[in-house]
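Below you'll find the structure, written out as structure tokens, and then a few comments.
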Amino acid sequence: MLEKVRIVLVNTTHPGNIGGVARAMKNMGLSDLCLVEPKEFPSEVADARASGALDILANVTVVSNLQEALADCQLVVGTSARERHIPWPLVNPREMASIVVPAPQKAAIVFGREDRGLTNEELQLCHHHVNIPSVENFSSLNVAAAVQVIAYELRMEQLAMEKQESVGSDRPSWGTDWDIELADHEELERMFAHLEETLVDIEFLDPENPRQLMPRMRRLFMRAVPDKVEVNVLRGVLKAMQRKLAKSGR
Ligand code: SAH
């Protein structure tokens with residue numbers, strides 16, 4: 001059940017951390033690891049730190065940007081050690097697991113750089129943010145340790161679900177009873193690009209002074225978790241606006 005959860009590491013600097021992540025994943029039953037432009041990979045240091053988890057490293061996908069890592073995912077969670085300028089729906093690792101594990105969708109959990117974490121733009125690609133509630137004045141965990149905490153909670157949730165399945169419980173869960181498949185990352189990004197273009201066309205968004213309009217629009221739509229039909233309807237509305245504008249000769 002945890003095969004559908006992809007761990008994404010962005011610009012990891014130390015190959016030892018990649019090995020540590022592979023080991024943490026294998027311990028907890030995760031297998032899908034994707035690296036976005038790692039500084040050094042493959043690497044003997046990574047192999048050594050992975051211990052017996054070489055199969056995870058052998059099956060790693062390496063991509064050149066985060067969008068590519070997320071393209072086929074319908075549920076994206078970003079990790080962050082600090083509060084950000086525009087707060088996003090924030091959960092702790094246990095709550096995150098209760099959302100991700102029962103959901104039928106392909107999910108990605110994104111981890112940041114050792115020195116700087118994830119950028120605001122990267123975090124704005126996510127539906128939820130997860131924070132490991134560490135102490136305030138020393139909040140940042142080593143990235144492999146952070147993956148371990150998250151993977152452990154996923155495992156605990158999975159074990160709890162298996163137990164409940166055997167006694168026939170039907171816990172409510174996110175997105176399981178929806179009639180239409182949720183839009184994936186790629187479809188959402190095309191919708192946001194179309195929205196931005198249209199907002200410029202109707203002169204609501206000033207490209208010279210965009211302020212926080214698009215991040216706020218993103219947060220609104222990410223909170224709604226749109227399905228494929230809803231995204232198509234929204235794009236139809238945008239297209240109609242552009243058509244009307246073209247007709248009026250502006
Ligand atoms: N100095 C960076 C932290 C980088 S730690 C910053 O302030 O953002 C490297 C990565 O480990 C983070 O990007 C995140 O993916 C994960 N991580 C570390 N501490 C975490 C915490 N308390 N909660 C959630 N993720 C954390």
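What follows draws every value from the coordinates through simple rules; no lab data is involved. Not measured: the values here are computed from a predicted model. Cβ sites come from the backbone with ideal geometry, for glycine too, and all protein chains shown count toward neighbours.
What ³J(HN,Hα) values, in whole Hz, does the Karplus curve 6.51 cos²θ - 1.76 cosθ + 1.60 give for the stretch 217-223 when θ = phi - 60°, with x put for Gly and Pro?
Karplus values, whole Hz, x for Gly and Pro: 4, 4, 5, 4, 6, 5, 5.
Could you line up LEU33, LEU90 from fewest to most neighbouring Cβ atoms inside 10 Å? Present the calculation step by step, with values, prior to reporting the outcome.
On the way: LEU33 22, LEU90 14.
Result, fewest neighbours first: LEU90, LEU33.
With +1 on the Cβ of every Lys and Arg and -1 on the Cβ of every Asp and Glu, and nothing else charged, how large is the dipole of the chain about its Cα centre, in debye rounded to the nearest 20?
Roughly 480 debye for the chain.
Among MET214, ASN232, ALA193, which residue has its Cα positioned farthest towards the positive end of the charge dipole of the stretch 185-247, with +1 placed on the Cβ of Lys and Arg, -1 on the Cβ of Asp and Glu, and the dipole taken about the Cα centre?
Positive-end residue among those listed: ASN232.
Counting only Cα, what are the radius of gyration and maximum Cα-Cα distance Dmax of the chain, in Å?
Expressed in Å, the Cα Rg and Dmax of the chain come to 19.7, 66.
Please report the relative contact order for the stretch 37-173, taking Cα pairs under 8 Å with a sequence separation of at least 6, and give it as a percent rounded to a whole number.
29
Using a Förster distance of 25 Å, how high is the FRET efficiency between ALA246 and GLU189, based on the Cβ-Cβ distance and rounded to 0.05?
With R0 = 25 Å, the Cβ-Cβ based efficiency is 0.55.
Is the C-alpha gyration tensor of the stretch 185-247 telling us rounded, prolate or oblate? Criteria: a/c under 1.5 is rounded; beyond that, a/b larger than b/c is prolate, otherwise oblate. Mind dumping the intermediate values first?
On the way: a/c = 2.44, a/b = 1.14, b/c = 2.14.
Judged from the Cα gyration tensor, the stretch 185-247 comes out oblate (a/c at least 1.5, b/c at or above a/b).
Starting from 0.36 nm per residue, how many nanometres of slack lie between SER31 and ASN120 once their C-alpha separation is accounted for?
So the chain would gain 29.3 nm between SER31 and ASN120.
Among MET191, MET25, rank each residue by its count of other Cβ atoms within 10 Å, from fewest to most, as a rough exposure measure.
MET191, MET25
Provide, in order from the shortest bin, the percent of all Cα-Cα pairs of the stretch 51-120 in each 5 Å bin, continuing until the bin that contains the maximum pair distance.
3, 11, 20, 21, 23, 16, 4, 2, 0
Which whole-number percentage describes the relative contact order of the stretch 101-250, with Cα contacts under 8 Å and a sequence gap of 6 or more?
Relative contact order here is 31 percent.
Name the long-range amide H neighbours of ARG6: under 5 Å, sequence gap of 5 or more, or other chain; modelled H, no Pro or chain starts.
Those lying under 5 Å, H to H, from ARG6 are ALA107, ALA108, ILE109.
Residue-wise, which Karplus ³J(HN,Hα) couplings in Hz belong to the stretch 232-240, taking 6.51 cos²θ - 1.76 cosθ + 1.60, θ = phi - 60°, and x for glycine or proline?
For the stretch 232-240, the Karplus-derived couplings read 5, 4, 4, 5, x, 4, 4, 4, 5 Hz, x marking Gly and Pro.
Using only alpha carbon pairs under 8 Å that are at least six residues apart, calculate the relative contact order of the chain and give it in whole percent.
It rounds to 22 percent for the chain.
In whole angstrom, note down how far apart the Cα centers of the stretch 26-56 and the stretch 214-240 are.
Using only Cα atoms to place each centre, the spacing works out to 36 Å.
Students often get this wrong, so check it: of LYS4/LYS39; LYS26/LYS228; LYS26/LYS163; LYS106/LYS239; LYS163/LYS228, which have C-alpha atoms separated by over 23 Å?
Result: LYS4/LYS39; LYS26/LYS228; LYS106/LYS239; LYS163/LYS228 exceed 23 Å.
As an exercise, take the mean of 1/r over every pair of distinct alpha carbons in the stretch 1-96, invert it, and state the Kirkwood radius in angstroms. Intermediate values should be presented prior to the final figure.
Numbers: mean 1/r = 0.0701 Å⁻¹.
Answer for the stretch 1-96: a Kirkwood hydrodynamic radius of 14.3 Å.
In what sequence do TRP178, TRP88 fall when counting other Cβ within 10 Å, fewest first?
Working: TRP178 13, TRP88 20.
Exposure proxy ranking, most exposed first: TRP178, TRP88.
Along the Cα→Cβ direction, 7 angstrom out, place labels at ALA48 and ILE180. What is the inter-label distance in nm?
Placing both labels 7 Å along Cα→Cβ, they lie 5.4 nm apart.
Highest first, please rank the peptides 76-83, 50-57 by the mean number of other Cβ atoms sitting within 10 Å of their residues.
76-83, 50-57
With labels modelled as points extended 7 Å from the Cα through the Cβ direction, what inter-label distance (nm, one decimal) is found for LYS228 paired with GLU208?
Calculated label separation equals 4.3 nm.
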